[in-house]
Amino acid sequence: MFMKYRGIAVLMATLIAIVPAGVISAQNNGDAAPTNANRLPLASFVRAIIDASPEVNAARAALDASTAFEGAAGRPLYNPELEFEFENADSETRAIGISQTIDWGGKRRARTSLAESERRSVEADYIAVRWQVAIDLMSALAGHQTESDRRALAGVRVDTMQDFATLAQRRFDIGDISQIELNLAMLANTQARMQKATAAANVAEARQAVTSIAIGSPSSEWPQLETTLPAIVASSADAQEFVMRLPDVRAAQFQVAAAAALVELRRRERRLDPTITLRGGKEDDENLVGVNVTVPIPIRNRFTYEVTAASAARRQAQQSASDVMRRAYARFTGALERYQLSRDAWQDWEDTGNVSLRRQTELLRRLWEAGELSTTDFLVQITQTLDTGESALELRQAMWRAWFEWLTASGQLREWLGPEAIR
């Protein structure tokens with residue numbers, strides 16, 4: 001009897017070694033958060049990808065342009081004008097003059113305020129882009145790591161089912177099992193191979209998701225994500241403290257400030273700017289000195305519609321900022337709840353489920369060796385055991401996804417990865 005089931009026993013021992021330790025998770029380390037040193041490979045990798053990202057570089061170029069516009073807005077609005085005059089009629093007249101339009105309405109200050117608010121908004125957008133690239137990258141890494149582990153588990157399933165199919169054929173040939181049991185073993189073997197092919201395709205798709213962000217980075221350099229994540233001490237009552245520091249919220253607020261500055265600029269543009277001209281010259285032998293002041297007359301266009309349009313744009317920016325903040329609060333609360341639930345579920349798995357899976361596998365092996373478990377029952381139960389391993393992988397993926405959502409909703413990405421990863 002022992003020789004008959006020795007192949008299955010060896011395979012089950014392999015399953016015990018592979019599924020809990022290598023495929024599903026590392027051992028539980030309690031509630032202690034991993035040290036920042038453990039994240040250095042991930043932080044360095046994220047920093048390198050962010051710095052090389054075309055999306056980030058485009059946002060950086062937009063910030064450089066906005067900074068240049070801010071510098072330009074602080075310069076004077078009007079340059080002086082130089083005039084020359086020569087007339088040769090009954091008398092010969094020669095004159096030179098200089099004119100300067102005066103910013104009487106304070107337009108320069110209003111332009112500077114507008115440009116500064118716009119630059120701060122673009123700077124917040126730039127930070128948001130860097131954060132989003134980091135989150136997308138880590139989410140893609142989590143997906144690739146999960147699919148790779150699922151492919152490894154699918155390989156164990158194929159080996160297991162192939163051995164069952166071989167053994168079932170032998171037992172059918174000697175009349176130990178029925179045709180139905182043999183067909184079940186063959187179908188299980190076929191299904192396992194299909195699942196392995198699907199898992200391989202999913203790995204390729206997950207790899208593509210990473211390479212679309214980490215362009216030119218070989219998969220051998222991709223860091224592994226941690227399976228032990230810190231607990232969150234914050235609550236919904238702390239939402240305002242976290243939400244007000246989010247880059248997208250700050251960008252929306254600066255957009256409101258920019259819209260208000262635009263209204264002020266449009267109002268100041270309605271104020272009339274005089275032009276003063278000083279002239280000097282000669283008419284024959286007599287000296288000529290003159291002062292000329294010109295002021296535009298706002299008859300044909302009083303520039304009221306520009307103020308009306310700017311006021312409407314300010315109201316739009318205010319409503320958009322309110323919507324951004326409302327969504328940020330909802331995202332904070334939802335992310336907090338989802339992460340706490342998924343993390344608690346994962347810790348329960350590491351504390352009890354992981355150990356139970358090993359015990360179940362060992363028990364099935366002993367029952368099979370002793371002949372106390374039929375082929376059909378053994379097949380069903382080992383399939384359920386492997387399915388539990390896949391469920392654990394899905395739970396781990398859900399925990400990672402919830403953690404990344406929390407980092408985005410709370411603005412804690414830089415604190416977690418460290419300043420060496422996110423500037």
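The values are calculated or read from the model by the stated rules, or taken from the named source; none is laboratory data. Worth saying up front: this structure is predicted, and the values here are computed from it rather than measured. With ideal geometry, Cβ positions are generated from the backbone for all residues, glycine too; neighbour counts draw on all protein chains shown.
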**Study point:** Candidates D348, D377 - the one that is at pLDDT 80 or above, of a type in the set (D, E) and within 24 Å of E147 (Cα to Cα)
**Key:** D348
Revision key, fill the gap. Over the range 266-292, the set of residues among the charged types (D, E, K, R) and under 30 Å from T308 (Cα atoms) is R266, R267, R268, E269, R270, R271, D273
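So that you can scan it fast, the table gives a plain yes or no per residue for (1) closer than 17 Å to Q384 by Cβ; (2) of a type in the set (G, A, S); (3) modelled with pLDDT of 90 or more; (4) surrounded by 20 or more Cβ atoms within 10 Å (Cβ to Cβ):
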{"site": "L182", "(1), (2), (3), (4)": "no, no, no, no"}
{"site": "T190", "(1), (2), (3), (4)": "no, no, yes, no"}
{"site": "R193", "(1), (2), (3), (4)": "no, no, yes, no"}
{"site": "A197", "(1), (2), (3), (4)": "no, yes, yes, no"}
Practice item. Starting from residues that are within 16 Å of the chain's Cα centre (by Cα) and of a type outside the set (A, V, I, L, M), keep the ones in the range 110-144 and report whichever is nearest to L413 (Cα to Cα). Key: W131
Point to revise | Residues satisfying the stated conditions in the range 219-239, i.e. more than 30 Å from Q145 (Cα to Cα), touching a residue at least 40 places away in the same chain (Cβ under 8 Å) and not hydrophobic (A, V, I, L, M, F, W, C) | key: S235, S236
Study note, to complete from the structure: Here the qualifying pairs (Cβ atoms under 6 Å; residues six or more apart or on different chains; first in the range 326-354 and hydroxyl-bearing (S, T, Y); second not in a helix (DSSP H, G or I)) come out as none
Practice item. Could you list all residues from the range 392-421 that are farther than 25 Å from A239 by Cα, modelled with pLDDT of 90 or more and not aliphatic (A, V, I, L, M)? Key: E394, R396, Q397
Point to revise | Candidates A206, A188, filtered to the one that is in a helix (DSSP H, G or I) and within 24 Å of I382 (Cα to Cα) | key: A188
Revision key, fill the gap. Across the range 222-265, the tally of residues that are closer than 20 Å to L114 by Cβ and more than 23 Å from the chain's Cα centre (by Cα) stands at 10
Check your understanding: So how many residues does the range 201-218 have that are in contact (Cβ under 8 Å) with a residue 24 or more places away in the chain, exposed (fewer than 14 other Cβ atoms within 10 Å of the Cβ) and farther than 15 Å from V46 by Cα?
Key -> 1
Review point. Just to be sure, is P274 in contact (Cβ under 8 Å) with a residue 60 or more places away in the chain, surrounded by fewer than 19 Cβ atoms within 10 Å (Cβ to Cβ) and over 21 Å from Y329 (Cα atoms)?
Key: yes
Exercise for review: Any chance you could count how many residues in the range 174-200 are charged (D, E, K, R) and without any contact (Cβ under 8 Å) to a residue 24 or more places away in the chain?
Suggested key: 1
Revision key, fill the gap. Among residues of the range 379-389 being surrounded by fewer than 20 Cβ atoms within 10 Å (Cβ to Cβ) and not polar (S, T, N, Q), the residue nearest to A128 (Cα to Cα) is D387
Review point. If we scan the range 114-122, do we find a residue that is surrounded by fewer than 18 Cβ atoms within 10 Å (Cβ to Cβ), in a helix (DSSP H, G or I) and among the basic types (K, R)?
Key: no
